[in-house]
Each structure stands twice: as structure tokens, then as C-alpha cells.
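See below for the structure under consideration.
The values are calculated or read from the model by the stated rules, or taken from the named source; none is laboratory data. Keep in mind that this is a model prediction, so the values were computed, not measured. Counting neighbours? That spans all protein chains shown, and the Cβs are built from the backbone with ideal geometry, glycine included.
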Amino acid sequence: MMHRTRSKPTLWILGVFLLASLCVSSFAEAQTRALTIEAIQIEGNSRTRDAVVLSRLGLEVGGETNATQLLAARDRLIAEDLFESVNLRTKRGSARGAVIVVVEVEERRAQVRFGLGREDLTGLYLIPLQLNLDNATGRGEMLRFSTRFGYRTRGLVGDFRSKPTHLQKNYWGARLWIEANDRIYFFEETEVNHIVAQGGLEIGYGFSLTDESQFEIWLGQQAVEAESTAAVYRDREVFGRRLGDEVRFEDLPESIKKDLVPNDQTRLRLVYNRDARLGAGLAEEGYRGRVELEGVAATTGEFLKGKLDLRGYQALEGNTLLAGRVQAGFVSPDAPFYEKFYLGGLYSVRGFPSQSLSPPEGHDRFAAVSAEVRRSFLGDPKNPRVTGLLFLDLGLSWNGSDFDLDETAAGVGYGIRVRAPWFGQIGLDIGAPLTDGPIKESFHTNLSLGWTF
């Protein structure tokens, strides 16, 4: 009797374990069981064409699918950001193993938004006001009109772009803009701000080479004009110069004066992009790169310009990320100063004032390397609330054959990033120069919007 009493709990445990195993096995099988798509019904798309929804779903009538693939299809459609809401369900088909996929969508109206944008060599910028008219014609296109304020730039931009899909790899776009950029350079040991205004229109065509890479060609016409005077950008009491003091035309460097004329430009730009990153935040791994080659025919002459921007990320143990960046560029010697390259500051070599490591007219060659170790101290590493970082930056700019590795500038330091509502990551970098600069400073600070790269 005692032996049978002891065995009852054991039998119950074995029975429960066997039942749970069968349930798990049945659920897994249901998730991967192949079903034939008999039809796809789309509901609620009063503006968007059926073909647009189908091209984003990645499902085809007559093809096979399962529960996991259906969820992935729904997520793809949500990621397109065309609709206010997306729901996907199935109905029993006319034959065994056949289903009818029902896609329910709610159209998104025109929106006024606030957000962030990014340029590859100058980082993030604020979009205090944006009119979002995406999918206005029901063809899935992007159409946005934005004001923007960023790292020494502000202006108005209109962007149109069709979107590639898994079925249609090519796309095209247009961009209309007017903006003013602050060109900072050092002149007589003083930081000077020279405003350069420009506006234009460009039209582009691109196509996806793979899921990770795209090639684009852009043709544009723009007008550029630098102001005839400049202004002191930072107080230099030792010379009696204060912020905002005018630097008259006759006091400007000769290398700047020659470029202070209206300049109409026709630009042809070739771009190759590759993004092979996985994960997000401090859990990110992989690399992304961009190569640009541009030919310019202008009122002041013709020139070529090229840029390389390569970034790599490797997640480490302990909520830590190792990030690196390589930049390089060239431009024809006869290009105006606002087309040249300048080193120093947040997006090249920290520890030095912005653009202080190049002459007033800039250089026609540059190369820079940066490395960062980022560690999350608060929040999910994929989107941390507080992050600390250590960095090392190296950079060199030169003209033509005047390459001298001994002129390489170096800076080292640390920084912090805090995730703020609306803005994302904002922070502060404190860098110490390891080589000589135009101003004797033991450290230099930079405010940052977003990650440096």
C-alpha cells in the first residue's frame, strides 16, 4: 500500500510533463505548418493602392506561408509607416490547408511632426517642424517639407522619394532646399564665422544591389554665395575681439576673398551605400559605409570631390560596445573654400576647437580615424538611458602632395550620453589634445546631439 501511494505523485508528474510536451510540440508545429494562400483581401485602404500593400507584404497568392511568416509580413507593413494601424488575420479557404489572408489597415492622414535627421559628415540635426505627406497619392511615396537646425546649419527642405520593395528594387527622388551654413575657420588666432547661403534642386535615381547595399545617381542645380563679410565667433579678449564683431571684406584672407562671388553649380553625384548592421544601441554589430564621387561644373570653374565614411560596431560583454570610424576625402585644388575640408571638433578630432586644424581656406585632402568604447550604466543596452564613453581621435588634412604624417593631430577624452524625450541621445564630450593646436588649451568640450557616429 505504501509503495503504490508513493508512486501516484510520480505518475501525476510524468503525465503533466507529457501533456505539456505535447502542447509545446503542437504549438511549434502550428507556427511552422505550411498553408497555401488562396487569396489576399485588403480592407480599409481608401487611398493606398492594393498593389502597394501587396508589394510591402511580401506574400503572394498561391504561395505557401505559416504563422511566423504572416507575423513577419505584418511587421514589414507596419515598418513602412504608411498606416495608422495594421492588422492581419486569416480565414479558412475553400480547400484543406488553404487560407484567405485578410489585411486590415487604417489610412494615415497628413501629420505635423517634430524629429531628428542625419547627415553623414555633420551628424544629427533638429527638425522643429515637419509637414509629413507620405503616401499622399496612394503609391507609398515619401513626401516631407521640413525646417531644420543642426550643427551650424539651418534651412528649409522638401524631400520626395519613392520606396523600393522586395519586388521593385529601383526608386527615385527629388530634393528642394534653401539653407545657410556657418563655415568656421581660424584667422589670426581667432575663430571666424563665415555664412554661406545656398539653394537648389536635385533629382536622383537609385536601385538596390542587395538587401544591404544601394547605388544612387543624383543630378542637381544650385546657387551658392558666401557673404562678403564674416564675424568673430568666439571672444578673444587678448586681441580686443568679441563675439559678433564684424570682419570686413578688406580684412579677410586673400584665399577667402576670391571665392566671395555668386556661384551657380551643376552637380552630378554618384553614391554607394552599404549597411550590414544588426541589433541596436550598444547591442549593435556590423558595419555601414558610404562612398560619394561628385563632379561639379560651376561659374568659378570645374572640380571633382570624393568622400568615404566607414563605421564599424562590435558588441562586447558587460553592456559595452566598441565603435570605430574612418573618414577620408579629396577635392580639386581650385574648389572654393566652402567645398574644402576642415579638421578639428566634434565630428573629426575632439580636443580641439572646431575646424581649427586647417587654414582659413581649408585643405583639399583629409583623413580621420576615431575609436570609442561605450558602456551603458542605466537602461536597456539596445536603447540606454545613460551611457559613458572613452574616445581617441586621429586626423590629418593637407594639400596635394604636401602629405606629412608628422602633422597628424590627436585627441583623447571621455563623454556621456543621456536619452531625453523627443531628442534621443544628447551629451557632452571632453577632449584633451595630444598634439599642438592653434590655441593652447588643456581640454575642449563639445555638446553632442546623438552619437558622434
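The strands (runs of 3 or more DSSP E) falling completely within region 150-208 that include 1 or more residues that are farther than 24 Å from PRO353 by Cβ and among the polar types (S, T, N, Q) map to 170-187, 190-208.
Is it the case, given these coordinates, that VAL386 is under 20 Å from ILE426 (Cα atoms) and of a type in the set (A, V, I, L, M, F, W, C)? Yes. Of the residues ARG385, ARG419, the single one that is surrounded by fewer than 17 Cβ atoms within 10 Å (Cβ to Cβ), at pLDDT below 95 and touching a Lys or Arg at 6+ places or on another chain (Cβ under 8 Å) is ARG385. Set side by side, the residues LEU394, LEU390, LEU378 differ, and just one is in contact with a Lys or Arg (Cβ under 7 Å, 6 or more places away or on another chain) and of a type in the set (A, V, I, L, M), which is LEU378.
Taking the numbered list (1) farther than 20 Å from ALA280 by Cβ; (2) part of a loop (DSSP other than H, G, I, E, B) in turn, TRP422 passes all entries but (1). Is it the case that VAL232 is touching a Gly at 6+ places or on another chain (Cβ under 9 Å) and under 30 Å from GLU441 (Cβ atoms)? Here the answer is yes, as VAL232 does meet what is asked. Criterion first (touching a residue at least 24 places away in the same chain (Cβ under 8 Å) and within 28 Å of the chain's Cα centre (by Cα)) does LEU71 satisfy it? It is false that LEU71 is touching a residue at least 24 places away in the same chain (Cβ under 8 Å) and within 28 Å of the chain's Cα centre (by Cα).
Answer yes if at least one residue in region 219-238 is free of Cβ contacts under 8 Å to residues at least 12 places away in the same chain, assigned by the TED database to the domain that holds GLU191, part of a loop (DSSP other than H, G, I, E, B) and surrounded by fewer than 18 Cβ atoms within 10 Å (Cβ to Cβ), and no otherwise. The answer is yes, given that some residue of region 219-238 is free of Cβ contacts under 8 Å to residues at least 12 places away in the same chain, assigned by the TED database to the domain that holds GLU191, part of a loop (DSSP other than H, G, I, E, B) and surrounded by fewer than 18 Cβ atoms within 10 Å (Cβ to Cβ).
Across region 109-136, the qualifying residues are those that are part of a loop (DSSP other than H, G, I, E, B) and either modelled with pLDDT under 90 or among the small types (Gly, Ala, Ser) (or both), and the one among them that is surrounded by the most Cβ atoms within 10 Å (Cβ to Cβ) is ASP120. Answer yes if at least one residue in region 215-230 is within 25 Å of TRP177 (Cβ to Cβ), modelled with pLDDT of 90 or more and in contact with a Ser or Thr (Cβ under 7 Å, 6 or more places away or on another chain), and no otherwise. Scanning region 215-230 turns up at least one residue that is within 25 Å of TRP177 (Cβ to Cβ), modelled with pLDDT of 90 or more and in contact with a Ser or Thr (Cβ under 7 Å, 6 or more places away or on another chain).
Consider region 137-149 and keep the residues that are part of a strand (DSSP E or B) and not aromatic (Phe, Trp, Tyr). The one that is modelled with the lowest pLDDT is ARG148. Taking region 361-418 as the range and being within 19 Å of ALA315 (Cα to Cα) and among the charged types (D, E, K, R) as the test, the residues that pass are GLU372, ARG374, ARG375, ASP380, LYS382, ARG385, ARG417. From the list ARG241, ARG269, the one residue that fits, being at pLDDT 95 or above, outside the structural domain of GLY58 (by the TED database) and surrounded by 15 or more Cβ atoms within 10 Å (Cβ to Cβ), is ARG269. Does ILE184 meet the test of being in contact with a Lys or Arg (Cβ under 8 Å, 6 or more places away or on another chain) and under 26 Å from ILE127 (Cα atoms)? Considered against the rule, which asks whether it is in contact with a Lys or Arg (Cβ under 8 Å, 6 or more places away or on another chain) and under 26 Å from ILE127 (Cα atoms), ILE184 comes out as yes.
All conditions but one from (1) on the phi > 0 side of the Ramachandran plot; (2) of a type outside the set (Asp, Glu); (3) under 21 Å from the mean Cα position of the chain (by Cα) apply to ARG325; the one that does not is (1).
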